[in-house]
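Inspection log for the structure reproduced underneath, given as C-alpha cells.
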C-alpha cells in the first residue's frame, strides 16, 4: 500500500488514466454507433455489459503480462513474414472494424438507418446478443493497445488495474452524452465512421508490421486529422445555428 501511494505511482496512475481515456475514444465512438441499433430500453444494459466486460478483459490481460510479451513471438510464417498472436488479433480486429464501419456508412447513405424508437417504421432493432458480441470483439482488440501502453507507463500491476478501472468508469459515464451528440448531428456521425475506417486500416497495418507502424506514428496523424475535422465541424455547426437564429 505504501508503494502504491508514492509520488511516482500517483504520477503514473494519473498519466495512465489520461492515456487510457485518449486511447479509448475510438472504442467509445464504436460503441456509441452500434448501440443505436438497439431498442432504447436495452441500451443502458448493453453499456453496463461493455463497461464490466472491458474491465474484465483488461484486468485479465494485465495479470497475464508475461504471456502478452511472449505473444509477439511468431506462431507461423508466410513468405518469410512471421505472424504472432497479437498480429492475428490486430489483423482480425482491423478487418472486422473495416467491414462493420463500411456497412454502417452504407446504411446511412442508402437511407437504411434503424429507427428503433419508432415501432412502426424503419428496420427492426438488432438483437442484444449480436450488438454485445460486436462490442466485446472490438473491445478485446482495443484492449491490446491500452495494455501495451499501461506496461510502458507503469511498473506496478495494481497501478495499471486501478487506472484501467477509473478510465472505463469515466468512459462509461460520458458514453451516453457522446452517443446522443453524435446521433443528433449526422455530419459528426459520418466523421466518426470515417475515423473508425482509418483506425481499422491502422490495425491491419499494425498486424502486418507492428514495428514499422510504430515508427511511422500513424495513430498520431489519425488523431490529429480527426481533431482538426471535428474542430471545423464545430465551426460549421455554430455558423448554421447563427443563420437559423
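Each reported figure results from applying straightforward, stated rules to the coordinates on display, with no laboratory input. Here the structure is a predicted model, which is why all the values come from computation and not from measurement. Positions of Cβ are generated from backbone atoms using ideal geometry, with glycine treated the same way; all protein chains shown enter the neighbour counts.
Values computed for the structure shown
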quantity	calculated
Rg(Cα)/(2.2 N^0.38 Å) for the stretch 160-245, N = residue count	1.38
Using a Förster distance of 25 Å, the FRET efficiency for residue 108-residue 236 (Cβ separation, nearest 0.05)	0.85
